[in-house]
Structure formats: structure tokens, C-alpha cells
Amino acid sequence: MATTVTVKGQVTLPKAVRQAAGIRPGDRVTVRVRPEGGVIVEALADRDGPSAYLQSLEAMSRRKPIRTMTTEEVMAMTRGED
């Protein structure tokens, strides 16, 4: 599988690779250079309980929803439209 490196040096891991390695959004990974060339990307074991991603989802679920605005009004606000 091929992917493109961005100007910032970032790459998107293909879905099949993320699934095979058990990598989910918010997970931390290690990147090691192989002596013969190439790199190895591995998921770090989650030793501290839920990942930061799961913790942020949990925090979002506790927030009160915006009940006084329509979806269109919220979208216009986030886009900076008047």
C-alpha cells in the first residue's frame, strides 16, 4: 500500500494497516528506523486505561447540547458567517 507524505512530514496510515496493527484514533505509536532501510510503526500498549481519544469522547458526552440554536445556525457560527 502506498501513501503520500505531506509537507509537514505526516502520513495517513491506510485503514487495512491501522486495523492490522490495532491502531485507533488517539492512540500513540512508535516509529523506528530499520538498519537495512525503511521504518517500523507500532501501536503502544495502553497501560494507563482508556486512550485520550476515548476520554475526550466521554467528556463530550457529558456536555449539555445546544438547544437554543438550529443546526444551520451552529454551522453558520462555526464557519464565521454573519
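Can you tell me which residues in the stretch 48-82 are among the polar types (S, T, N, Q) and either assigned to a loop (DSSP other than H, G, I, E, B) or in contact with a strand residue (DSSP E or B) (Cβ under 6 Å, 6 or more places away or on another chain) (or both)?
Of everything in the stretch 48-82, those that are among the polar types (S, T, N, Q) and either assigned to a loop (DSSP other than H, G, I, E, B) or in contact with a strand residue (DSSP E or B) (Cβ under 6 Å, 6 or more places away or on another chain) (or both) turn out to be SER51, THR68, THR70.
Here is a yes/no grid of residues against (1) at pLDDT 75 or above; (2) on the phi > 0 side of the Ramachandran plot; (3) β-branched (Val, Ile, Thr); (4) touching a Cys at 6+ places or on another chain (Cβ under 7 Å):
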position: GLN10; (1), (2), (3), (4): yes, no, no, no
position: VAL33; (1), (2), (3), (4): yes, no, yes, no
position: ILE40; (1), (2), (3), (4): yes, no, yes, no
position: ALA52; (1), (2), (3), (4): no, no, no, no
position: SER61; (1), (2), (3), (4): yes, no, no, no
position: ASP82; (1), (2), (3), (4): no, no, no, no
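Find the residue count for the stretch 4-14, including only residues that are under 17 Å from ALA43 (Cβ atoms) and either loosely packed, with under 10 Cβ neighbours inside 10 Å or aliphatic (A, V, I, L, M) (or both).
Result for the stretch 4-14: 2.
Regarding ALA45, is this residue part of a helix (DSSP H, G or I) and within 17 Å of the chain's Cα centre (by Cα)?
For ALA45, the condition - part of a helix (DSSP H, G or I) and within 17 Å of the chain's Cα centre (by Cα) - is not met.
The values are calculated or read from the model by the stated rules, or taken from the named source; none is laboratory data. These figures come from a predicted structure and were not determined experimentally. Counting neighbours? That spans all protein chains shown, and the Cβs are built from the backbone with ideal geometry, glycine included.
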